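Here the structure comes first, spelled out in structure tokens, and everything after it is commentary.
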Amino acid sequence: MSKTDQSKIRNFCIVAHIDHGKSTLADRIIEKTGLLTSREMQAQVLDNMDLERERGITIKAQTVRTVYKAKDGEEYIFNLIDTPGHVDFNYEVSRSLAACDGAILVVDAAQGIEAQTLANVYLALDHNLDVFPVINKIDLPSAEPERVMEEIEDVIGIEAHDAPLISAKNGVGIEEVLEQIISKIPAPSGDPDSPLQALIFDSLYDSYKGVIIFCRIVEGTVRKGTKIKMMATGASEEVVEVGYFGAGQFIPCEELSAGMVGYITASIKNVKDTAVGDTVTDAARPCEAPLPGYKKVNSMVYCGLYPADGAKYPDLRDALEKLQLNDASLNYEPETSIALGFGFRCGFLGLLHLEIIQERLEREYNLDLVTTAPGVIYKVYKTNGEMIELTNPSNLPDPSEIDYMEEPIVSAEIMVTTEFIGSIMELCQERRGKYLGMEYIEGTRALLKYDLPLNEIIYDFFDALKSRSRGYASFDYELKGYEQANLVKLDILINREEVDALSFIVHADNAYERGRKMCEKLKDEIPRHLFEIPIQAAVGGKIIARETVKAMRKDVLAKCYGGDITRKKKLLEKQKEGKKRMRQVGNVEIPQKAFMSVLKLDDGKA
Amino acid sequence: MRKIKEDGAVMKELSIYIHIPFCVKKCNYCDFLSAPADENTKKRYVDMLLMEMEEASKEYSGYEVVSVFLGGGTPSVLTAEDTGRILTSLYEEYNIKNGVEITSEVNPKTADNEKLKAYYQAGINRLSIGLQSADAGELKILGRIHDFEDFSATFNAAREAGFSNINVDVMSALPGQRVSSYQDTLKKVLALSPEHISAYSLMIEEGTPFFDWYGDEDALRRDGREMKYARGEKNVHLHLPSEEEERKMYEMTEQLLARRGYHRYEISNYAKPGYECFHNMVYWTRKNYLGLGIGAASFINGERFHNTEDLQTYLCGKFEKEDRMVLVQQDCMEEFMFLGLRLIKGVSEREFQLQFGVPIEAIYGEAITKMEKQGLLKRKEGRICLTHRGIDVSNYVMSEFLL
């Protein structure tokens, strides 16, 4: 391949509120530029995790390179980076944006601007990207493209009068989008002859190639044989292969030069050597300074992850290590639980992120996991002046040593149609929210602003929000800071033994309610034993709720049909299998799912 | 004393089970392989059964039959003539040891004096009569076709026909059953003084009308949770007895029967001395048995298999054995334990050592100690058996002996 003309490259991403059609537009762009014929197309080409296709969401940013023959007769290289839409994955979005020069903003012609539309546009503008809007789903009967154009101009302040009106689903208006990519998104700059300076925006572990670095070449050129150096970690290796991203495959090429997006492999075995956000340079001719990296994301939600089978602990450790490479927002450190044995305390961006990681570990690494109740980081100020950041409730110091505690507070923006304002405000009130204000976006919609304690929204706030607004409310939040709160540790005692993995921190006012629900839930989860099992909730040694699992009275198989012993054995085997999936705490066998049941305490509540 | 074959070899022992998959009307709790059928089908079935018996007899010519059991279904829905054909061919084709136990299940209203006499003359020497309950309402819910009077008529006819070894089946924990009505059933049965009583507690099995009616209730109860609705409400059917009531029925059975001279020798079986069911013991002590007829299970020389469960296949003369499983030592040890523990006298440590060449301690020492500590097993004179409490939760105990 001859030297690529920088002016013929466009590096861009698509940002949108969840469900506004970002991945479908990406599919169309790939299809129209001829990378895949429509016969080869599978819906959501870029969402190649099973999980993404099943849930219809994008979790990981994906990159693909296509070639477009424009109306001016020239061929352009498009590097399209698909980004996740959910608030939990803003970090992924931010990483991909750093590799782009511009962004397409997709807005649903019926729904208009939503909370994450705003959040994502602001992220793009923060990265100095040129943004142009596209109005999607014009085929919907409820589409109001004119209104949405005005909304974009009024609320976001970017020009929208010539926004392509498209239906990504039906392939309408895609040509116009492709042309605007050329006219509205700037070509990359950078000197191919300068010292190498490339930003790592993602990486992946491949069992054949080792670590694969995804990078945007900002300055200089990299090719096979170049001895590269990671500026932050100092690791140095010789490049084995460079290339770009086909649809779902890596296509090797001769070199990557300034302005290009591609991958590098350098037989890097240690995943820790390639930190996302680090700068890659030429060891022989280094650049002067690293590129500005990413701000380190802080985990917002923590929980314990334990292998269901204790012997799988090393497997879990390896899996986490590999996942972290692909998802730098995942944090983990080893911990031990009396009830669950060896495991890890893991930090996540949010509850969806937690669920996704859990599912990926189970599917991609074939692990069976036990998850403990998710919590946030509390700041515990001790009487001796020391402050500790608490991620595991079991580590809470004795109350006599605690001066006061602080909990994380988020600033939340909830966009909702006016008819649901009342019920959403009620919900925020219940979750100890502090009302800050409300802005009307236009006649029928409002943006509610609240400060909410993070621990009140990590469980099921999103679900509650959806159910109380018939699915219309959208929600975005960011960490605001810490505030003092009257927090207590709620302990669960099963057969009078405290089960560390079930403890959690809760606001004192909610302790009784939560304790009562926990006991009820556990009573249903724990099977009968030969003896009676009290289940108690306690705060500071004081019992606040109690339930009892009655003793098993009878467990007999009466009849044996004409000597059919096999059938009887199967029954016994089932019983034994059931026992295996239990965790032994004292004399009591607790099913693994009981540890997760606390996640769903608010079942059945409106 | 074992019979010596002509060539001098010792004959092996074999029990025979014959399945009759027909009944007048399927009971609401029944998940056995049984259904009503027309006379023609029954005839054809017996024809096929005879064919299977003949085929199998060649393979088992070296065996001496030590017990026979005709089960169902309701074997007594067959005509006396058909039953006679079965018995005749048994005697002709197999080496039936003299005086061995030959049982047939019988249900009231399907066997009159004539038929019972014919049974007796054909060589059947033990009857097992399904009463289940003496309460007309309970019988109706079960979907039985008889009342207590029908049962006592059958019982008396059996005595008259010459049967001196009769079992009566009764059930507890029935929908709508009270402790008093169950006690009444037991007393009425005792008044007739059968030699053997099987007392089962109702199991709600999937695929039965009872499962549709009571499946949820049963599951709740087994989890020790209260029923969500009060008696008589919401559900048009009567409710299952409470756990406490069920317990009382269960305890009463043993006490009442013991007082009247019946000893419990197996979890659900009680007998007057010397009248324990030989055929049943064959199952628990892992002796050879051959199952004939559809779905019938066999255990021959360490191998388990069963016949097709499909009537049409069987009627086409296909007697291929399914799910053949040759037991390895581990399977045998497991079975030795979980079957042997069904017997009140339990398992013999010496017998274990003899059969497997290792002390029981080496394999099950840990499990035995654990169960002993929980008060579910006890050791007595070289035997290991369930305690009273252990009998109540025998499944729990037995599952500990799976390796």
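The values are calculated or read from the model by the stated rules, or taken from the named source; none is laboratory data. Note that the coordinates shown come from a computational prediction; the quantities given were computed from them, not determined experimentally. Counting neighbours? That spans all protein chains shown, and the Cβs are built from the backbone with ideal geometry, glycine included. Only protein heavy atoms, including side chains, enter the accessible area calculation; ligands, DNA and RNA are left aside. Shrake-Rupley method; radii C 1.70, N 1.55, O 1.52, S 1.80 Å.
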Any lysines with Cα under 22 Å of the B:Lys378 Cα? List them, leaving off those in the same chain fewer than 8 positions away.
A:Lys554, A:Lys576, B:Lys345, B:Lys370
Sorted by average packing, counted as other Cβ atoms within 10 angstrom per residue and highest first, what order do A:208-218, B:124-134, A:532-542 take?
B:124-134, A:208-218, A:532-542
Computed over all unlike Cα pairs, the Kirkwood hydrodynamic radius of chain B in Å stands at 22.7
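Shielding by partners for B:387-397, please: the mean number of other protein chain Cβ atoms within 10 Å of each residue's Cβ. Could you put the intermediate results ahead of the total?
Working: counts 0, 0, 2, 1, 2, 6, 9, 4, 9, 11, 3.
Mean partner-chain Cβ count within 10 Å for B:387-397: 4.
How large is the dipole of segment B:339-403 about the Cα centre if only Lys and Arg carry +1 and Asp and Glu carry -1, each at its Cβ, rounded to the nearest 20 debye?
Details: 10 positive and 8 negative charges, 46 e Å.
Approximately 220 debye in magnitude.
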Given Cα positions, please report Rg to Rh for chain A, the hydrodynamic radius being the Kirkwood one.
1.01
Mind ranking B:304-313, A:513-522, B:318-327 by how tightly packed they are, going by the mean number of other C-beta atoms within 10 angstrom, highest first?
A:513-522, B:304-313, B:318-327
If I fit a long axis through the Cα atoms of helix A:313-326 and take the longest principal axis of the Cα atoms of chain A, what angle between them do I get, 0 to 90°, rounded to 10?
30
Using the charge dipole of the protein assembly as shown (Lys, Arg: +1 at Cβ; Asp, Glu: -1 at Cβ; taken about the Cα centre), state which of A:Gly102, A:Ser503, A:Leu390 has its Cα farthest towards the positive end.
A:Ser503
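Among A:343-349, A:505-511, how do they line up by average Cβ neighbours within 10 Å per residue, starting with the highest? Display every interim value, and only then the final one.
Details: A:343-349: 23.4, A:505-511: 17.4.
Descending packing order for the listed peptides: A:343-349, A:505-511.
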Can you give me the solvent accessible area of A:Glu498 with a 1.4 Å probe, rounded to the nearest 10 Å²?
100
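Largest first and in whole Å, give the semi-axes of segment B:339-403's equivalent ellipsoid, each being the square root of 5 times a Cα gyration tensor eigenvalue.
18, 12, 11
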Taking every residue in B:301-312, how many Cβ atoms of other protein chains lie within 10 Å of its Cβ, on average?
1
May I ask for the angle, rounded to the nearest 10°, between helix A:421-430 and the longest principal axis of chain A, with both axes built from Cα atoms and the value confined to 0 to 90°?
50
Counting only protein heavy atoms and using a 1.4 Å probe, what share of the accessible area of segment B:7-51 belongs to carbon plus sulfur, as a whole percent?
61
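Tell me, what is the FRET efficiency for B:Asp47 and B:Lys26 to the nearest 0.05, using R0 = 22 angstrom and their Cβ-Cβ distance as r? Spell out each step's value before the answer.
On the way: r = 24 Å, r/R0 = 1.07.
Using R0 = 22 Å, I get an efficiency of 0.40.
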Mind listing the long-range amide H neighbours of A:Arg445? Cut-off is under 5 Å, sequence gap 5 or more, other chains count too, H placed in the peptide plane at 1.01 Å from N.
A:Thr418
Helix-only mean residue ellipticity at 222 nm for the protein assembly as shown, each DSSP H run of n ≥ 4 adding -39500 (n - 2.57), per residue, nearest 500:
-9000 deg cm²/dmol
Toward the positive end of the charge dipole of the protein assembly as shown, about the Cα centre and with charges on Cβ (Lys, Arg +1; Asp, Glu -1), which of B:Ile300, A:Ala163, A:Ala412 goes farthest?
B:Ile300
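So what is the accessible area of segment B:12-284 per residue, in Å², with the probe set to 1.4 Å?
40
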Of A:Lys489/A:Lys550; B:Lys43/B:Lys117; A:Lys71/A:Lys227; B:Lys97/B:Lys140; A:Lys466/A:Lys593, which pairs sit farther than 30 Å apart, going by alpha carbon to alpha carbon?
A:Lys71/A:Lys227; B:Lys97/B:Lys140
Under the Cβ-under-4.7 Å rule, which cysteines of chain B stay unpaired?
B:Cys23, B:Cys277, B:Cys316, B:Cys332, B:Cys385
Just report the Cα centroid separation between segment B:160-213 and segment A:101-144, whole Å.
74
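Assigning unit charges at the beta carbon (Lys, Arg +1; Asp, Glu -1) and nothing else, what dipole magnitude in debye, to the nearest 20, does the protein assembly as shown show about its Cα centre? Can you show the working numbers first?
On the way: 123 positive and 159 negative charges, 858 e Å.
The dipole magnitude comes to about 4120 debye.
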Taking every residue in B:15-24, how many Cβ atoms of other protein chains lie within 10 Å of its Cβ, on average?
1
Leading residue at positive end of dipole, segment B:12-284 (Cβ point charges), from B:Ile129, B:Val189, B:Met48:
B:Val189
Starting from 0.36 nm per residue, how many nanometres of slack lie between A:Glu179 and A:Asp139 once their C-alpha separation is accounted for?
12.3 nm
